[in-house]
Structures are given as C-alpha cells and as structure tokens.
Amino acid sequence: MAEAARPLKVAVAGFGMAGSCHAEAWRDLDGVELVATYSDCLERDEDAIRAACGPDIRIFADYDRFLGESGADIVSVATLPDRHCEHIVKAARSGSHVVAEKPICTTAEDLEAIREAVEQAGVRFTACFQEFHYGQFLAAIDMIEQGMLGRVHLAEVEYYNGMGPWVQQYWWTRTARHGVSSMVNCGCHGMMLAMLLMGDELPEEVMAMEARSAAADFAAFEFAPTQINLLRFAGGRIAKVSSCLDAIQPYAFTFKAVGAEGSLDQERFTSRRIAGLERTLWSTLGARGLGDATVIGGHMYLDFFKLFLASIATGKDLPRTGLAPAYRMHKTLFAADEAARIGRPVKLAKS
C-alpha cells in the first residue's frame, strides 16, 4: 500500500484581521498543518495567536528564522502592506508557495521585485482576492469569459467603505506609509474586478482624480480617501473604477458591464446569447453575494485556499488571482496613482 502524502506545512506571517482569518481557514482544511506564525508585535499578538492556533504553535518575531525553522511549504503573507514585498520575496526564495494579502506591494519597484523572485523560484503564488473565486463575482466573470455578453466595451465598478476611527485597521490604513492611497489601500479590489470584467488585459492609458470628505471623521487621512479612475483599453473600450474610503454609508462593492450581446448589473443580466430571454427584462443570477465584507472570517478563505492547494498539486497558477493578473492589476494601480498625482493621463507599456 502506498504511503499517504504528508500534510503540507503552512506558516502565517502577520496576525491582524486578515492573518487571523488565514490561520483559522488553514486549521480547518484537510491536507495541511499550521506549524508557525510570525508577528512583528508579539506583545500585542501572542495571546491571540495561542488562543486561535493552540498553545503549541511556534511563534517567531524574526522573519528569517520563521522561514528557516518552520519548514513551511506554504507561507501566508498578511503583514502590513509596506512589508509585503520583503516577505513575499524572501518566502519565494526559500522555496515556499505564497498566498499574499492585497495589495501585494506598495510601489512599482517592489512589484517588479516580486515578479522576478516568484518566477525565478518557480513557486505558486496568488493574491488574496478570494471574492473572485465564488458567488456573484465569479458568476459575472465566468459569463464574460464564456462570451455571454459578447465584446465588453464598458465596465463600471464602485467600492465604498467608510474607513473611519470605528474600524479595526484605521490606525494604519489612514497613513501614507501603510495605506498609501485610496486605490492601493482598498480600491485594488475594484481595480481587479474591472480588469477581469474587461478580459484581464492591461489598459493602454489611465487617468484619475482625487477628492476628500469634509467630515472630521476622515481628517487624519494622509492621502485623499476618494479616487475615480478611467481606463482606456485597446479598441477604444473603457472602464471606470471608483474608490471611496470616506463614505458615510454601509459597505458597498458594485459593478456593471456592457457588451455587444448583453449587460450585467450586479445580480441582474440580459444576453442575446440565451434563447428566449427578453431584451427588455432582467434575468437574475442565482449566486451568493459578497455581503458585508467589513465583517470577515476564516470561512471566506476556505474555498479559495482549497483552489490554491489544487494549484500547487497541478503546478499551474490560479486563474484571475495568480501572479500574471495580480501583476497587471498592480501595474495599473500604480499608474492610476501617478495620474492622480500629476493631473494628466499615464500610458502603460506592456511588459
């Protein structure tokens, strides 16, 4: 009888809101063993780590020791955004597959370093846009990939999330060092969706404008919390992405896509590719919505991590969130921030 394959060893770097969810999800999965965690603030995190992961979990305050002594096959990177590049690059060079929270980095230079390190190491990599692998978003993307809307020439994505003093991550998300910009901070969700709706292509040009609320709740933000971006793709197709972190309203992440054969508006759609549908009536996707993503838990990552394990087994990157699409989205993200800074469009060169 053949011996059963050993469980893959998983180590989680960072134990804030996202890192604790990673640990919870990995512990609930078969075929893996959570063996270690890393924290850059042990006095804050140690009790929470042991409560969530058990009293025997190995905890490291030194990242190099964490990689060297944990023997991890998979590293979940969920540290603060400005540390992501360093931690991803070192994990890849150590031979570990990498699951990285978004944004995967905070500068264009770091983006190139990540791509080089992951490609040279030959490991699997995915950015944690888990919402594009289930439910309503996946159904919408799949419809477009199957051609149900024909050639999509317009996509609109809006991301609204009031990131005031009442949210757990406010202390860092408002800073230029960690939060960076509206788009890098949270707008990356909307940018990723827009690019997937447009066929996962790099746009030719991007323009952007910024604004900020007059509300005192958001006065401490070190960057403009609101940004609107226009993307021009080959053939004259366009997309609009809005990111508003100073909204006084419930969380909202909405989208529309218009093509030559039909349209999508959240859960509603129409398509001339399906016989019997009326152009003047909406049909409805029977798919799970995202819900309130300000309240997150390990359950949100379970199916996504299962797909990543399958990616490791097959040696093929995950579609939609693997290295190549994550690279294209972040490249567009940084171009959008540059366009907002200089006040004129920025052209993107393919690489």
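Tell me, rounded to the nearest percent, the portion of alpha carbon pairs in the chain spaced more than 28 Å apart. Distances greater than 28 Å cover 44 percent of the Cα pairs. A straight line joining the Cα centroids of the range 100-125 and the range 24-63 runs 24 Å.
Seen from a random direction on average, the alpha-carbon convex hull of the range 8-123 projects onto 6.5 square nanometres.
Dipole magnitude for the range 116-226: computed about the Cα centre from +1 point charges on Lys and Arg Cβ and -1 point charges on Asp and Glu Cβ, it is near 420 debye. Helical content of the chain, expressed as a calculated mean residue ellipticity at 222 nm, amounts to -10000 deg cm²/dmol (DSSP H runs of 4 or more residues, -39,500 (n - 2.57) each, divided by residue number, nearest 500). What is the count of Lys pairs in the range 266-351 whose alpha carbons sit under 25 Å apart, if the two are 8 or more places apart or on different chains? Lysine pairs satisfying the spacing and distance rule in the range 266-351 number 5. In a reduced charge model with +1 at each Lys and Arg Cβ and -1 at each Asp and Glu Cβ, the range 184-278 shows a dipole moment near 280 debye about its Cα centre.
Between E261 and K306, the distance separating the two model label sites (each 7 Å from Cα on the Cα→Cβ line) works out to 3.0 nm. Within the chain, antiparallel bridges make up roughly 55 percent of the DSSP beta bridges whose residues both belong there.
Net charge of the neighbourhood of A78, taken over other residues with C-beta under 11 Å away and scored Lys/Arg +1, Asp/Glu -1, is +1. Cysteines in the chain that lack a partner Cβ within the 4.7 Å cut-off: C21, C41, C53, C128, C186, C188, C244.
Given +1 at the Cβ of Lys and Arg, -1 at the Cβ of Asp and Glu and no other charges, the dipole of the range 8-123 around its Cα centre is 140 debye to the nearest 20.
Toward the positive end of the charge dipole of the chain, with +1 on the Cβ of Lys and Arg and -1 on the Cβ of Asp and Glu, the farthest Cα among A215, A176, I342 is that of I342. Across the options A139, A260, L307, the greatest Cα extent toward the positive end of the charge dipole of the chain (unit charges at beta carbon of Lys, Arg, Asp, Glu) belongs to A260.
Would you work out which of C53, H87, Y38 lies farthest towards the positive end of the dipole of the range 8-123, given +1 charges on the beta-carbon of Lys and Arg and -1 on that of Asp and Glu, about the Cα centre? Going by the charge dipole, the pick is C53.
Coordinate-derived values only; no laboratory data. From a predicted model like this one, the values you see are computed outputs, not experimental measurements. Quick reminder, even Gly has a Cβ in these numbers, built from the backbone with ideal geometry, and neighbours come from all protein chains shown.
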